[in-house]
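Trainee: Handing you this structure, nothing more for now.
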Amino acid sequence: MALSHNGFRSMHWFTAVFLAAIALTTVVRLWLSRRHIRHVLANSNSIPAEFEGRIALAAHQKAAAYTIAKARLGLWETLTAPVLLLAFTLGGGLQFISEAWGRVLESGGYAHGIALITSVVLISSVIDLPFALYRTFAIEARFGFNRTSLALFLADLAKQAMLGTLLLIPLVFCFLWLMARTGAIWWVYAWATWVAFSLVVQFLYPTIFVRWFNKFTPLEDASLRSRIEGLLTRCGFRSRDLFVMDGSKRSSHGNAYFTGFGAAKRIVLFDTLVSRLAPPEIEAVLAHELGHFSRRHVWKRMGFAFAASLGILCLLGWLIGQEWFYAALGVRSRSTAMALVLFFMVVPVFSFLLQPLASLYSRLHEFEADAYAARVADPRDLVRALVKLYEDNAATLTPDPLHSAFYDSHPPATVRIARLQTLQT
């Protein structure tokens, strides 16, 4: 189908906007990363007053070096992302892949669409692989965190590929079928499918899929179990059980989390966390996580994500019929699968500047969870636990404020500790 005069104008306009958005996103990312590196380096020789006597200078400097190493790798990832995006779109990569599969599969058919989407995911994953290898076996190993062998890394990679195939290919087929069979409001049915799929995965992942990667054993420490059960009783929280996860086989980083819904809710402690924190500190950390459940943060975030996805799919429902949308992004072969690929490649470029709002929303939830923990546990124990976790995980105490406001889902260490100290009684 030939483009009309207005179609050509729209095509050229959107191409220009797309290129401007890529340039703006890339420049801002690089600028923020450089700011972060300079700020962390400039403050690496002085410990913030809130942490004096709690964290040694050597540990603070290690955290700074670790943060800078990760940020410098991130600079290369930031430069690679737009190159890959342009190669897929204006560079003709998607068109080439579509035509290559069109020689062996019916163009526009379900198999062709799944092959196109799978190829894009596979190529992107292969390009991301060197960064993941360097992060794990260079940076994490250099700072003493990595415990993953190459064999385990590759095994995890294979399991992730299997899980992705098991979950995403049926979902893609379902989307393509709905787009072909349900008319102009296909996006409403697709949205309902996405919501149902997300809820099913949220239910199944903690009980089935996560066991592909880690071993979970019931918490054996009777004293710690009794303390945690007392906390759960005070908070009116029911859990199927308390588990310890063998996180140490991959990393020395520690963590704890709640997962699942309804009867499938469970509490998981990393074995590295159990070995490092005292029982009152573990109780305080879990009280913080209970705060997220008490304030319904999980449901609020899911509700926000579902509302946003409805708007996104509505927009795609309009764009899918616009010839200029494909042409402006270097594609001649129109199909529902191509529309999906193009759209979800382009959306992050245009939504990047909304990142600070998402980060702010998450940090507000963290403050609320801390306040809850201070009511049901001793906030001094949470402070001690956080200080140990900051030190053990080499989390910088001095992030660049603007970088932190843009990206960080948790408040900066100094702000968080200062607020907790005001809650101490």
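The values are calculated or read from the model by the stated rules, or taken from the named source; none is laboratory data. These figures come from a predicted structure and were not determined experimentally. When we count neighbours, we look across all protein chains shown, and the Cβ atoms used for this are built from the backbone with ideal geometry, even at glycine.
Trainee: If Arg301 satisfies all but one of (1) of a type in the set (Lys, Arg); (2) in contact with a Pro (Cβ under 8 Å, 6 or more places away or on another chain); (3) modelled with pLDDT of 90 or more, what's the number of the condition it fails?
Mentor: Checking Arg301 against (1) of a type in the set (Lys, Arg); (2) in contact with a Pro (Cβ under 8 Å, 6 or more places away or on another chain); (3) modelled with pLDDT of 90 or more, the one that fails is (2).
Trainee: Those residues that are touching a residue at least 12 places away in the same chain (Cβ under 8 Å), hydroxyl-bearing (Ser, Thr, Tyr) and either touching a His at 6+ places or on another chain (Cβ under 9 Å) or not in a loop (DSSP other than H, G, I, E, B) (or both), I need them from the range 318-359; list them, please.
Mentor: If the condition is that a residue be touching a residue at least 12 places away in the same chain (Cβ under 8 Å), hydroxyl-bearing (Ser, Thr, Tyr) and either touching a His at 6+ places or on another chain (Cβ under 9 Å) or not in a loop (DSSP other than H, G, I, E, B) (or both), then Tyr326, Ser335, Thr336, Ser359 are the ones that fit.
Trainee: Right, next: Can you confirm whether the range 176-189 contains a residue that is part of a helix (DSSP H, G or I), at pLDDT 90 or above, farther than 20 Å from Ala308 by Cα and among the hydroxyl-bearing types (Ser, Thr, Tyr)?
Mentor: Within the range 176-189, not a single residue is part of a helix (DSSP H, G or I), at pLDDT 90 or above, farther than 20 Å from Ala308 by Cα and among the hydroxyl-bearing types (Ser, Thr, Tyr).
Trainee: Which number in (1) within 26 Å of the chain's Cα centre (by Cα); (2) surrounded by 17 or more Cβ atoms within 10 Å (Cβ to Cβ); (3) not β-branched (Val, Ile, Thr) marks the one condition that Leu402 misses?
Mentor: (2)
Trainee: Determine the pairs where a residue that is closer than 17 Å to Ile312 by Cα, located within the range 177-203, has a partner that is of a type in the set (Val, Ile, Thr) and not in a helix (DSSP H, G or I) with Cβ atoms under 6 Å apart, the partner being 6 or more residues away or on another chain.
Mentor: Taking only residues 6 or more apart or on different chains, the pairs are Tyr189/Thr182.
Trainee: Identify, from the list Arg296, Arg334, the residue that is of a type outside the set (S, T, N, Q), modelled with pLDDT under 90 and under 30 Å from Ser119 (Cβ atoms).
Mentor: Of the residues listed, the single one that is of a type outside the set (S, T, N, Q), modelled with pLDDT under 90 and under 30 Å from Ser119 (Cβ atoms) is Arg334.
Trainee: Let me ask another. Report yes if Glu289 is at pLDDT 80 or above, within 29 Å of Phe145 (Cβ to Cβ), in contact with an Asp or Glu (Cβ under 9 Å, 6 or more places away or on another chain) and not small (Gly, Ala, Ser), otherwise no.
Mentor: Spelling it out, it is not the case that Glu289 is at pLDDT 80 or above, within 29 Å of Phe145 (Cβ to Cβ), in contact with an Asp or Glu (Cβ under 9 Å, 6 or more places away or on another chain) and not small (Gly, Ala, Ser).
Trainee: Can you pull out the residues in the range 45-80 that are in a helix (DSSP H, G or I), hydroxyl-bearing (Ser, Thr, Tyr) and over 30 Å from Ala337 (Cα atoms)?
Mentor: The answer is Tyr66, Thr67.
Trainee: Then there is this: Would you confirm whether any residue within the range 379-400 is within 21 Å of Thr78 (Cβ to Cβ), of a type outside the set (Gly, Ala, Ser), touching a Pro at 6+ places or on another chain (Cβ under 8 Å) and in contact (Cβ under 8 Å) with a residue 60 or more places away in the chain?
Mentor: So far as the range 379-400 goes, yes, one or more of its residues are within 21 Å of Thr78 (Cβ to Cβ), of a type outside the set (Gly, Ala, Ser), touching a Pro at 6+ places or on another chain (Cβ under 8 Å) and in contact (Cβ under 8 Å) with a residue 60 or more places away in the chain.
Trainee: While we're looking at this one, here's another question. Go through (1) at pLDDT 90 or above; (2) in contact with a Gly (Cβ under 9 Å, 6 or more places away or on another chain) for Tyr205 and report which single condition fails.
Mentor: (1)
Trainee: Name the pairs whose Cβ atoms lie under 7 Å apart, with the first residue in the range 23-42 and more than 19 Å from Ala65 (Cα to Cα), the second β-branched (Val, Ile, Thr), and 6 or more positions between them or separate chains?
Mentor: That search, which allows pairs on different chains as well, returns Thr25/Val349; Thr26/Thr78; Arg29/Thr78.
Trainee: A follow-up question, please. If Ala190 satisfies all but one of (1) small (Gly, Ala, Ser); (2) surrounded by 15 or more Cβ atoms within 10 Å (Cβ to Cβ); (3) out of contact with any Phe, Trp or Tyr (no Cβ under 7 Å at 6 or more places or on another chain), what's the number of the condition it fails?
Mentor: Here Ala190 meets the rest and fails (3).
Trainee: With under 25 Å from the mean Cα position of the chain (by Cα), in a helix (DSSP H, G or I) and without any contact (Cβ under 8 Å) to a residue 40 or more places away in the chain as the only criterion, which of Val120, Val83 stands out?
Mentor: Criteria check complete, one pass: Val83.
Trainee: In the range 401-424, what count of residues is obtained for those that are farther than 17 Å from Leu360 by Cβ and free of Cβ contacts under 8 Å to residues at least 24 places away in the same chain?
Mentor: Matching residues across the range 401-424 total 1.
Trainee: Moving on to the next point. Applying the selection to the range 123-153, what residues are in a helix (DSSP H, G or I), surrounded by 13 or more Cβ atoms within 10 Å (Cβ to Cβ), in contact (Cβ under 8 Å) with a residue 60 or more places away in the chain and out of contact with any strand residue (DSSP E or B) (no Cβ under 8 Å at 6 or more places or on another chain)?
Mentor: Correct list: Tyr134, Arg135, Ile139, Leu152.
Trainee: Of the residues that sit in the range 169-223 and are of a type in the set (Ser, Thr, Tyr) and touching a helix residue (DSSP H, G or I) at 6+ places or on another chain (Cβ under 6 Å), which one is nearest to Ser119 (Cα to Cα)?
Mentor: Looking at residues that are of a type in the set (Ser, Thr, Tyr) and touching a helix residue (DSSP H, G or I) at 6+ places or on another chain (Cβ under 6 Å), I get Thr193.
Trainee: Identify all residues within the range 391-417 that are at pLDDT 90 or above and assigned to a helix (DSSP H, G or I); write none if there are none.
Mentor: Across the range 391-417, the qualifying residues are Pro401, Leu402, His403, Ser404, Ala405, Phe406, Tyr407, Ala413, Thr414, Val415, Arg416, Ile417.
Trainee: Condition test on Glu99, is it among the acidic types (Asp, Glu), surrounded by 14 or more Cβ atoms within 10 Å (Cβ to Cβ) and in contact (Cβ under 8 Å) with a residue 60 or more places away in the chain?
Mentor: Criteria not met by Glu99.
Trainee: Separate question: Quick one: is Ser46 over 30 Å from Arg416 (Cβ atoms) and modelled with pLDDT under 95?
Mentor: Against the criterion (over 30 Å from Arg416 (Cβ atoms) and modelled with pLDDT under 95), Ser46 does not qualify.
Trainee: Let me ask something additional. I want to confirm something. Restricting to the range 351-399 and keeping residues that are touching a helix residue (DSSP H, G or I) at 6+ places or on another chain (Cβ under 7 Å) and within 30 Å of Leu315 (Cα to Cα), which single residue is surrounded by the most Cβ atoms within 10 Å (Cβ to Cβ)?
Mentor: His365
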